[in-house]
Each structure stands twice: as C-alpha cells, then as structure tokens.
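Structure first, then comments.
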Amino acid sequence: MKKTVSVIGLGNRGSEYMGFLKAFHAAKTEICAVCDCRRQALDDIAPKFAVPEERRYLSTEAFFAEGVLSDALIITTQDASHYEIAKQAILTGYKLILLEKPVSGVKEEYTGLRDLAAENGVLLIVCHVLRYSNYYRKIKEIIASGQIGELVTVNHTENVGYFHFAHSFVRGNWRSEETSTPSILAKCCHDIDLISWFADSRCVSVSSVGSLKYFCKENAPAGAAPTCMGGCAAKTTCPYDAERLYIKDPFYKAKFIKYMKRTLTGKAKNSRADVENALRNGDYGRCVFLCDNDVCDNQLVTMTFENGVTAVLQMNAFSDKMFRECHIVGTKGELIGYGTKLELRLFGGKARTVHTFSPNIGGHIEGDLRLIDGFVKLLCGETADLTDITTIEATVASHDIALAAEESRKRDGAPVSVLPQ
Ligand SMILES: NC(=O)c1ccc[n+]([C@@H]2O[C@H](COP(=O)([O-])OP(=O)(O)OC[C@H]3O[C@@H](n4cnc5c(N)ncnc54)[C@H](O)[C@@H]3O)[C@@H](O)[C@H]2O)c1
C-alpha cells in the first residue's frame, strides 16, 4: 500500500516537494491532503495531485481538527508560522514531519520543538537541503576520510546574488526581522549547518559584524520614486529596476525568475498583465532604497569549535550570480569549492578536480530532490539510518550559532558563547 503524505503550505517549496513526490516516488507515495490559507494556491496545486475536494483545507485549524490524515506531513509555510504548526502537528499525532527552515528565531521555541518531538517519538526533519547534495556530501566524505589531514579551518561565502537579495530580503518575505528572522538565520542557517557538519564538533564561541549597508533611503538615487513604475528618474540605470528584473531582462527570465513571478503574482500560471499589475501595486515593484526592510545585507561570522576547528562565514548581497564558495583547510591539504566543482590539493602532491554529479533538477544543486529521496526512504521504512539526516537536533546547533552571531553583531562583534543546550 502507498504511504500517504499531507502538505501544509502550497507555495514555492511545497509545490516543488510535491512535484518530486509525484515525479519520482508515485509508486510508493500519494499526497492525500493539502492545506493553504490562500484559495488560489489550493485551486492551482491540489488538482494537479488529484487531492480530493474534501481533503483541501483553508486553515490549519480545519486541517488538524481531522486528526492524523497521513503517514507523514510536510510543512512549507512561511517562517513565522513554523513553530506553531509543527507543535500542533506533533500534538495531533503526526510521527514523521518534514519542516522548512528556519524553525524559529526564538531559542525556547526550537529547543521546545526538539523536546516535544523526542517526548512523542516524532521524527522531525528540517529542510537543510544542502547537506543532501552530492557536492556537499563529497566534501564531508573527503574531510572524514582524513585525506586533508586534521581539519583546521573553514572559510565559506554565501554570495546571495544582487537580484535574489533584492527580491527576498529587501522587497520580499524575508526583509524584516519581525515577520521573518535576521538574514543570518533565514539565509545562512544552511551554511552554518554545513560548517558545523564539517567541523563535527560543538561550536563554543561566535563573533560577528555586519550591517544593512546599501538598501536604505540614504542611497536612493536622485529622482527615485517609491515604485519603479511610478516615474522613477533613475530607472534606466538602476540594476534593481523591477521592470527590468521581472519582465525585460532575458537572463533572469530563466528558472529563478519563474519562481519569483509565482511569488509576486500569487499564481502558479501568470500572464504578463499579472506581473505588471503586481509590480504596479505590490511589494515587488517598490524601490529597493525606499522599502521597509531592516535585515543585514552583509555579515561576517567567526566560529570556534570545541575541537579547535575555526570557521569564517561571509554572507553578502552583492554578487552577480548566486553561488557558495568554500575553502577547507586541513593539516595535509586543502579543498576549494566553487559551488559545483571541487579542487583537492594535497601538500606535496598534484591538485586534482573532484567531480560530483548534479542532475539539473530542482534547487540547491539537487539538494531539494535528494532531501525528498531521503524523506521517502524513511517514510517507507527503507532505512532507519539517521546519520547525516537533518533532524531537529542538528537544527538546534545551527540556530544557536545564528542567534549568537546576531547578538555579537549588535554588540559590535563582541565574542558570544554558544551555551550547551
Ligand atoms: N530549504 C530551503 O533551502 C528553503 C529555500 C527557500 C525557502 N525556504 C523556506 O520555505 C518556507 C516556504 O517558502 P516559500 O518560498 O515556499 O513561501 P511561499 O510564500 O511561496 O509559500 C508559503 C505558502 O504557505 C501558505 N501559508 C502561509 N501561512 C499559512 C498558514 N498559517 N496556514 C496555511 N497556509 C499558509 C501561503 O499561502 C503560501 O502558499 C519559508 O519558511 C522559507 O524560509 C527554504
């Protein structure tokens, strides 16, 4: 018999994960119930997965009132709702839950969920998707094999991409700490999770500096208007012109912009008129210098781990492309990662390129796809091995570091201890 899955939150992430279940795991799984507070999302998505009308819910209250509807639950709503929905899911009796990151920006909430999951025998997995990609698994494997000797330090950069940063962290859903979390948590809990995973030790101390340097009214060009389509005098020279980013620029009409357009129109299928309307009237047509954003556009974090490994993470908005770089240094060699390609240099030997295979399907260099593969294996009882599975235990470590980094940043880089949980 097929295993059943319910999904709460049918936006970008939810529909991507549902697509993977349908495309690659339909013989073993079926989506039996969905919930989204937007009727448009239910109407767009539920029919594609043949979810019966009576199993489409417009509120989590209505959804949870039915009791346990499926063998597993995926929660892909926005950040601020993760804690309450996951808590409700555990209390309702769901035993396998896949929850989007970040879990919460409040320590008591994410540690509380960890404890609640343990008390109720629930496997709560958090979508730290990068760990599942062949590329990052290869890095972990090389470190663990001892080829580069003892790990000394990790230098990791998250180049968010200027257009991505503007979309998500200036105009969009992750622009404000109050409704989301600081960008070092929202954007970089993945990177911190990777660094902790590589270090294989507990982080004991953090310090951080950073700021919202550029996307503020002081940097607005002469003649800037509140919206790009509302008579802005700098429109033709501004790289953040919304009309250019979402409509005119051919490069960004590729995969990422398709994803963005769904966000700005709220519709899976959208016309040019829908996009124009959204740019004229919605958040995504606003001038990037005149928004209500407050999250950092650049931040540096240094970390010291119990085993002596050190690390530096840099997050910045200002890159032409979206890519992560890392330099991993051991006593006998180094590993340099350019986002998809790896170079292994052993001291006294020759450098060699390590190839990892990434099918061009889904996001995060196949991490999204592999996360769902791993989730289905657990769901179908095909593995009980939780090594390298991103359970809430791992999340607690990364979230603790991110919160400590934010505390340090607000204290001008003063070291902050990451206390045992
Ligand atoms: N793992 C990753 O790499 C990764 C990448 C991007 C986003 N995310 C996270 O995934 C989550 C979802 O992001 P997204 O881009 O899909 O967002 P989205 O806005 O496209 O989708 C969220 C959906 O949830 C619905 N929703 C919101 N609150 C609800 C509620 N209380 N009850 C029912 N439905 C509700 C919305 O209507 C929307 O359809 C966010 O928390 C985000 O931070 C994770």
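The values are calculated or read from the model by the stated rules, or taken from the named source; none is laboratory data. Not measured: the values here are computed from a predicted model. So basically every Cβ, Gly included, is an ideal-geometry build from the backbone, and we count neighbours across all protein chains shown. Remember, those area values only see protein heavy atoms, side chains included, never the ligands or the DNA or RNA. Shrake-Rupley method; radii C 1.70, N 1.55, O 1.52, S 1.80 Å.
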Contact list, first residue from the range 56-75 and within 11 Å of the ligand (Cβ to nearest atom), second anywhere and basic (Lys, Arg), beta-carbon distance below 9 Å, six or more apart or interchain, is Leu58/Arg38; Leu58/Arg39; Ile74/Arg13
Criterion (over 28 Å from Val418 (Cα atoms) and in contact (Cβ under 8 Å) with a residue 12 or more places away in the chain) met by exactly one of Lys321, Lys377: Lys321
Identify all residues within the range 278-311 that are of a type in the set (Lys, Arg) and assigned to a strand (DSSP E or B); write none if there are none. Arg286
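Pull up the range 187-231, narrow it to residues that are acidic (Asp, Glu) and over 20 Å from Glu150 (Cβ atoms), then point me to the one that is most open to solvent (accessible area, probe 1.4 Å). Lay out the reasoning, then the answer.
If we filter the range 187-231 for residues that are acidic (Asp, Glu), which is where we start, we get 191, 193, 200, 218.
Filter again for over 20 Å from Glu150 (Cβ atoms), leaving 191, 193, 218.
Numbers: Asp191: 0, Asp193: 3, Glu218: 131 Å².
This residue is Glu218.
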Given the conditions (1) away from the ligand (no atom under 16 Å from the Cβ); (2) under 18 Å from the mean Cα position of the chain (by Cα); (3) open to solvent by less than 20 Å² (accessible area, probe 1.4 Å), and given that Glu325 satisfies all but one, which numbered condition is not satisfied? (3)
Of (1) modelled with pLDDT of 95 or more; (2) touching a helix residue (DSSP H, G or I) at 6+ places or on another chain (Cβ under 8 Å), Phe63 fails just (2)
Return the residues of the range 1-40 that are at pLDDT 95 or above and among the aliphatic types (A, V, I, L, M); say none if nothing qualifies. Val5, Val7, Ile8, Leu10, Met18, Leu21, Ala23, Ala26, Ala27, Ile31, Ala33, Val34
Go through (1) among the β-branched types (Val, Ile, Thr); (2) in a loop (DSSP other than H, G, I, E, B); (3) open to solvent by 20 Å² or more (accessible area, probe 1.4 Å); (4) farther than 23 Å from Ala186 by Cα and name the single condition Val51 misses. (3)
Residue count, the range 1-48 (criterion: within 13 Å of the ligand (Cβ to nearest atom) and open to solvent by 70 Å² or more (accessible area, probe 1.4 Å)): 5
Which one of these does Tyr136 not meet: (1) buried (at least 22 other Cβ atoms within 10 Å of the Cβ); (2) of a type outside the set (Asp, Glu); (3) without any contact (Cβ under 8 Å) to a residue 60 or more places away in the chain? (3)
Anything in the range 345-370 that is open to solvent by 60 Å² or more (accessible area, probe 1.4 Å), away from the ligand (no atom under 16 Å from the Cβ) and farther than 27 Å from Gly333 by Cα? List them, or say none. Asn360
Over the range 380-421, the set of residues surrounded by 22 or more Cβ atoms within 10 Å (Cβ to Cβ), in contact with an Asp or Glu (Cβ under 8 Å, 6 or more places away or on another chain) and assigned to a helix (DSSP H, G or I) is Thr395, Ser398
Scanning the range 161-200 for residues that are within 12 Å of the ligand (Cβ to nearest atom), over 21 Å from Val418 (Cβ atoms) and of a type outside the set (S, T, N, Q) gives His164, His167, Phe169, Gly172, Trp174
Could you tell me which of the residues Gln88, Gln78 is without any contact (Cβ under 8 Å) to a residue 60 or more places away in the chain and either hydroxyl-bearing (Ser, Thr, Tyr) or within 12 Å of the ligand (Cβ to nearest atom) (or both)? Gln88
Given (1) more than 19 Å from Ile392 (Cβ to Cβ); (2) outside any loop (DSSP other than H, G, I, E, B); (3) aliphatic (A, V, I, L, M), Ala80 misses just (1)
Every pair of residues 6+ apart whose Cβ atoms lie under 8 Å, when the first sits in the range 98-114 and is farther than 13 Å from His128 by Cβ while the second is more than 14 Å from the ligand (Cβ to nearest atom) and charged (D, E, K, R): Lys107/Asp400; Arg114/Glu393
Just a yes or no: is a residue in the range 99-111 open to solvent by less than 40 Å² (accessible area, probe 1.4 Å), outside any loop (DSSP other than H, G, I, E, B), farther than 27 Å from Ala62 by Cβ and more than 16 Å from the ligand (Cβ to nearest atom)? yes
